[in-house]
Amino acid sequence: MLTRLFVLIARIRGLFGAARLDDDFAAELAAHVDLLADDYVRRGMTRDDARRAALIRLGGTVQLKEQHREDRGVPFIDAAAQDVRYGLRALRRHPAYSIVAVATLAIGIGAGTAVFSVARAVLLRPLPYADPVALVRVFETNPLKNWTRNIAAPANYADWKARNTSFTDIAAYEQFSENGSGAGDVFLTGSGEPQGLKALGVTGNLFRVLGAPPLVGRTFTDAETFEGQARVVVLSYGLWQSAFGQDPNIVGRTVTLSGRTYDVAGVMPADFFFPGRDVQLWLPVAYQPSIFTTARRPHWLGVVARRKAGVSLERAQEDMNGVARALERQYPDTNTQMGVRLERLHDSFAFAPRPALLMLSGAVGLLFLIVCANIANLQLGRAAARAREIAIRSALGAGRRRLIRQLFTESLVLSAVGGALGFAIAIAARAALLRFAASTIPLHADVRLDAGVVLFDAALTIVAPLVFAVVPALRSAAAGRLNDRGDGAARETRALRNALVGAEVALSIVLVVGAVLLSRSLLRLEAVDPGFDRARVVAFTVTLPSARYPTRPDRLRALEEIERRLRAQAGVQAVGAASTLALRGFTWTGDATVEGRAADDYERELRHKSITPDYFRAMGIRLLAGRFLDERDAGDRPLVAVVNRALAQRYFRGEDAIGKRITFGRPQDRAPWVTIVGVVADEQQDAMDKAAQPQAYVSIRQQVQNPMTFVVRSSLDPSAAIASARREVQAVDRDLALTAVTTLERVVSEAMGDHRFRTALLSAFAGASLFLAALGIYGVLAYFVSQRARELGIRLALGAKPQELFGMVVGQGLRPVAGGAAVGVAGAIALTTVARSLLFGVRPLDPPTYAVAIGVLAAIAFAACAIPALRATRVDPLVALRDE
């Protein structure tokens, strides 16, 4: 056994020095010939006769060299290398076929690899925490408020932490925004212009729950959760590099954030993020202890927990259900029907993009199958041209297994080239995605072409020949046993190619129906009125540091001074500010009571927005009734509000809302009455595809908030308007910076970014599938015309009209198309209903969509049939008969 192993190793080594070993053996063989020749010369022969006798005695040098190569080589490797070389020569001899096949494979493999790179980043790549499978997100649910995955109240979080038996620990973090990671704005000052950063407030145990030790220094302690402890900060690796030059002495260094000094406690590793990659630093929440015992009505905490070893998610859910029921009994005023929902942390991060990614993954899978069917069709067509070659090789002794191996190797070589080009396509697709559609990538995802993506590309490269090459190889290998005419084989091949075309058409119908549905959905979405005039409006957020603006009057004076300065700029037509911008940001919600209702009849989930009086004019929001807020609505005057149409319709059920009074709370809360003085059109709040919810607008003079987002309507171009605004804001306070700088055009566009992205991708897949299906149809009919040229010539000679032959050939081509379309429609009906959540204003079973899809496919199929059909009508009967 050991000897055989050494022999195998020696043979494998010999593969890498074949030329040198051939030269050595040739030199040795020549020396033997010379020695034998010298011996014959000494016996009286001439030199030529002696050399000839020496060669005869050795048995032929060429044969000896070949035998030597076989003896020192590894048979299966040598055979495979020979097959690969022959396959490359065969592909070079047929460049048109090779180019089409390689390009087709590159599209299928490249699209699959690109989509997989995104899916891997979003759905599959493990989180950079210790034992991430044990981590869960904890949400609040409440059917009364339509909550299914809501953030938590601090006191509820504290009770979960104290009463559960399933978790080693539970941590929390501030989530004041439903978009992005929920991080807030802070400003790093002390070295030139203030630098806006994304900071997240967390409880002291968060990093310990995540199982994420720091790269440098330490993280927070439990005591630092509370107010009055030392102010410390933990930096992300990226911020440590960019802002502090990767200072090795960063721990203990003092930094100024929004007017307050903090000591750097530590730096996290380069691959760490939480909860999104936009967070640049983490601060303790620094709450008063009473927050965790009394605050059950406001909800602003994201919660993450680590399961104990051996505790399943189901058992943990039962445990937390019991805790929620106990809290409901103990605090009925705030916790009625308040439940708990557990999700694996990774699943919670991927919750929103999962349906779209699964849909795109399924679509690219269908495209890959279409590609394989198309290549199989090409190979079946090429098999007819190679029938004579295969028959000759078979006659010369090549066995069926040898022929199949050779044909499959050619397909593998073809796929390898296509896979390499496909990976190049995936690289380009990633670059385009990061450049043009970065906002569609979830904040936890890092799309990169790592080893897993490379292996996936290689797997597709290997799987593709198994799908498209097996049947053509078996058919071609049987050619050596066919009769000269091969009529039976031709009929079988034609039937098989028709079946492949039908399969391509069926799969294409599914993709085309999906693409048309998404396109119609996008058109409906783009037609939605956002509720404001988006043209020529820039927006930016200003956060006032609480250290410098500790009181309400301080903040109000600063905001009004900023607004005054902005309004005085050249080209500015209107300036307003709001606590949140439409389609962005976190909106405070709460209960509401309408005057005159029963004590137990109150509304839930009223949205609140603090604005400056000119906000509606700056946004271009229409007044429907009453008046806008104005300078009369000061802090010492009766409370008033403007409400949106959704509130007026829901709360007052067709009655005039002007002059009616509501309170921001339940009847037992005894909150002050607020008089409605105006009704405005609805502005889209969370997304373009979600109906506006009841919302009340109050003046910042009566309810100031921080931060505030300014909107400036200006005749200047956006860059000039922003530069002017930045100068004016820093004239008020040089340490203030503008964050979330954008235009309303971009806000609306980004709100539809996900819809556009998946529509564009699916449309590209559908277009590629239609093109490939057209190629398949054309190939089948071209083969049909070439095989029946004699018959067509005879028909023409006997008086058949060209239009009759045209109809016959087109009908021959459309038969598999019709069958495939019927199957495809049935498949589309079954699959598109799954994508219901991705549609807006369009039903999955939308008759116009199916009509458009079938019409487009029919037109393309007819065009693909027309070219061979026209060629059939031009067959010269004399030439066809003479060739026969």
Quick check: net charge around Gly418, other residues with Cβ under 15 Å of its Cβ, Lys/Arg +1 and Asp/Glu -1? -2
0 to 90° range, to nearest 10: angle between helix 354-385 axis and the chain longest Cα axis: 10
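For Ser715 and Asp669 in the same chain, what is the full-extension length gain: residue separation times 0.36 nm, less their Cα-Cα distance, in nm? Can you show the working numbers first?
On the way: separation 46, 0.36 × 46 = 16.56 nm, distance 4.69 nm.
11.9 nm is the gain from fully extending Ser715 to Asp669.
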Name the residue farthest towards the positive end of the dipole of the chain from the options Val809, Thr409, Gln702, assuming +1 on Cβ of Lys and Arg, -1 on Cβ of Asp and Glu, about the Cα centre. Val809
Given unit charges at Cβ for Lys, Arg (+) and Asp, Glu (-), the dipole magnitude of the stretch 549-734 about its Cα centre in debye, nearest 20, is 280
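Find out how many positive minus negative residues lie around Ala445, taking Lys and Arg as positive, Asp and Glu as negative, among other residues whose Cβ is under 11 Å from that of Ala445. Present the calculation step by step, with values, prior to reporting the outcome.
Values: positive: Arg120, Arg125, Arg277, Arg448; negative: Asp446.
Within the 11 Å Cβ shell, the charges total +3.
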Measure nothing fancy, just the Cα-based angle from helix 451-468's long axis to the longest principal axis of the chain, in degrees from 0 to 90, nearest 10. 50
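Based on Cβ point charges of +1 for Lys and Arg and -1 for Asp and Glu, what charge dipole magnitude is obtained for the stretch 132-349 about its Cα centre, in debye rounded to the nearest 20? The partial results should precede the final answer.
Details: 22 positive and 21 negative charges, 87 e Å.
Its charge dipole is roughly 420 debye.
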To the nearest 10 degrees, the tilt of helix 2-15 (Cα long axis) against the first principal axis of the alpha carbons of the chain is 90
222 nm mean residue ellipticity, helices alone, for the chain (DSSP H n ≥ 4; -39,500 (n - 2.57); rounded to 500): -17500 deg cm²/dmol
I'd like the antiparallel share, as a percent to the nearest 5, of DSSP beta bridges with both residues in the chain. 80
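Can you give me the relative contact order of the chain as a percent, contacts being Cα pairs under 8 Å and 6 or more apart? Provide the component values of the computation, followed by the final result.
Working: 1484 pairs, mean separation 131.8, N = 884.
Averaging sequence separation for qualifying contacts and normalising by length gives 15 percent for the chain.
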Options [x] 42; [y] 51; [z] 31 - which one matches percent of Cα pairs over 43 Å apart as calculated here: [y]
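Can you compute the charge dipole magnitude of the chain about its Cα centre, using +1 on each Lys and Arg Cβ and -1 on each Asp and Glu Cβ, nothing else charged? Give it in debye, rounded to the nearest 20.
On the way: 106 positive and 83 negative charges, 425 e Å.
Value, rounded to 20: 2040 debye.
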May I ask which residue of Leu327, Leu781, Val680 lies farthest towards the positive end of the charge dipole of the chain, with charges of +1 (Lys, Arg) and -1 (Asp, Glu) on Cβ and the Cα centre as origin? Leu781
Dipole of the chain, positive end: most advanced residue of His608, Thr833, Pro353 [Cβ charges, Cα centre]: Thr833
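How charged is the neighbourhood of Ala356? Take every other residue with its Cβ under 12 Å from the Cβ of Ala356, and add Lys/Arg as +1 and Asp/Glu as -1. Each step should come with its number before you reach the end.
Numbers: positive: Arg354, Arg756, Arg758; negative: Asp754.
With Lys, Arg at +1 and Asp, Glu at -1, the neighbours total +2.
Mind giving me the FRET efficiency for Leu313 and Ala535? R0 is 30 Å, r the Cβ-Cβ distance, nearest 0.05 is fine.
Values: r = 49 Å, r/R0 = 1.64.
So the FRET efficiency works out to roughly 0.05.
Computed from the coordinates by the stated procedures, all read-outs in this text should not be read as laboratory data. Note that the structure is a prediction, hence the values are computed from the model and not measured. Using ideal geometry, Cβ is built from the backbone for each residue, glycine included, and neighbour counts are taken over all protein chains shown.
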